[in-house]
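Asker: Dropping the structure in here first, questions after.
The values are calculated or read from the model by the stated rules, or taken from the named source; none is laboratory data. Computed from a predicted structure; not experimentally measured. Here the Cβ is made from the backbone with ideal geometry for all residues, glycine too, and neighbour counts use every protein chain on show. Side chains are part of the model used for accessible areas, which takes the heavy atoms of the whole protein and leaves out ligands, DNA and RNA. Shrake-Rupley method; radii C 1.70, N 1.55, O 1.52, S 1.80 Å.
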Amino acid sequence: MNKKISFVFSILMILLESVSAQELAKKYDQGLSKMKNNDYLGAIADFSSIIKQSAYYYDAYLQRASCYEQIKKYDLALSDYNMAIEKNPDFHEAYYARGILYLNIKKDEVKALSDLKNAIVIKANYSPALLSLADLYKQQKNYNQAIATYSKVIAINPNQMQAYFGRALA
């Protein structure tokens, strides 16, 4: 009898987790829709609700950070990028986004360089990070590295005109 109760309880838990995951996914989609419509405060509320229910929903941290950037709450954005990376150390998009924040807002080239490189270590052909890294190398007057990195972007995406332009100027 105990085994039957245990089995039924296990099935109920699986069903509850499945419903909860569906609710979180629906809330996540609502947040993305609000972001698309520039309702950043509404999106922040949705992503915060997701995080409250499941602290390991690392995509919600990334999207909420993006919303915080849009409303110029950069320290909150940085905190969420950090949490996204803490929850998923292989989250290349979070390293990239945090690197761009460090570069453009915090003006910290050292941290930006580290994050862009980390994004590329995780996903070698991630052209947004490669392009930003090449731009940073060019900005630092490290022209050989810039040219080599722009060339990688072009090899990945031959239609990336910004890479051709950047390489020509490096």
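Asker: Figure the gain on full extension for ASN88 and VAL110 (residue separation times 0.36 nm, minus the Cα-Cα span) and round it to one decimal in nm.
Answerer: Working: separation 22, 0.36 × 22 = 7.92 nm, distance 2.22 nm.
In short, 5.7 nm is gained.
Asker: First compute the accessible area of the chain with a 1.4 Å probe, then give the percent of it belonging to carbon and sulfur atoms.
Answerer: Working: 5580 of 10150 Å².
That share works out to 55 percent.
Asker: Now a separate question. What list of ³J(HN,Hα) values in whole Hz, one per residue of the stretch 45-51 in order, does the Karplus curve 6.51 cos²θ - 1.76 cosθ + 1.60 (θ = phi - 60°) give from phi, with Gly and Pro shown as x?
Answerer: With the stated coefficients, the stretch 45-51 comes to 4, 5, 5, 5, 4, 4, 5 Hz.
Asker: Fully extended, how many nm does the chain gain between ASN142 and LEU169 (0.36 nm per residue separation, minus their Cα-Cα distance)? Before the final figure, lay out the partial values.
Answerer: Values: separation 27, 0.36 × 27 = 9.72 nm, distance 1.20 nm.
Extending this stretch completely gives an extra 8.5 nm.
Asker: Taking θ = phi - 60°, what integer Hz values does the Karplus form 6.51 cos²θ - 1.76 cosθ + 1.60 yield along the stretch 72-84, in sequence order, with x for Gly and Pro?
Answerer: Working through the residues one at a time gives 6, 9, 5, 5, 5, 4, 4, 4, 5, 4, 4, 5, 4 Hz.
Asker: Provide the packing ranking of 100-106, 155-161, i.e. peptides ordered by the mean count of other C-beta atoms within 10 Å per residue, highest first. Provide the component values of the computation, followed by the final result.
Answerer: Numbers: 100-106: 17.7, 155-161: 12.6.
For the peptides 100-106, 155-161, the packing ranking is 100-106, 155-161.
Asker: OK, next. Going down the list LYS26/LYS138; LYS52/LYS123; LYS26/LYS152; LYS26/LYS106; LYS72/LYS138, which pairs span over 32 Å between their C-alpha atoms?
Answerer: Working: LYS26/LYS138 42 Å; LYS52/LYS123 29 Å; LYS26/LYS152 38 Å; LYS26/LYS106 34 Å; LYS72/LYS138 27 Å.
From the list (LYS26/LYS138; LYS52/LYS123; LYS26/LYS152; LYS26/LYS106; LYS72/LYS138), the Cα-Cα distance tops 32 Å for LYS26/LYS138; LYS26/LYS152; LYS26/LYS106.
Asker: Same structure again: First check a/c for the stretch 11-117, with a ≥ b ≥ c the square roots of the eigenvalues of its C-alpha gyration tensor; if it is under 1.5, answer rounded, and if not, answer prolate when a/b is larger than b/c or oblate otherwise. Mind showing how you got there, number by number?
Answerer: Working: a/c = 3.03, a/b = 1.65, b/c = 1.84.
Because a/c hits 1.5 or more and a/b fails to exceed b/c, the stretch 11-117 counts as oblate.
Asker: State the Cα centre-to-centre distance between the stretch 26-47 and the stretch 93-170 in whole Å.
Answerer: Each part's Cα centre sits 29 Å from the other's.
Asker: Right, another one. Per residue, how large is the accessible surface of the stretch 7-142? Use a 1.4 angstrom probe and give square angstrom. List each step's numbers first, then the result.
Answerer: Working: 7590 Å² over 136 residues.
It amounts to 56 Å² per residue over the stretch 7-142.
Asker: Within 14 Å, Cβ to Cβ, of MET83, how many net charges do the neighbouring residues add up to if Lys/Arg are +1 and Asp/Glu are -1? The partial results should precede the final answer.
Answerer: Numbers: positive: LYS52, ARG64, LYS87, ARG98; negative: ASP59, ASP75, ASP80, GLU86, GLU93.
My count for the surroundings of MET83 gives -1.
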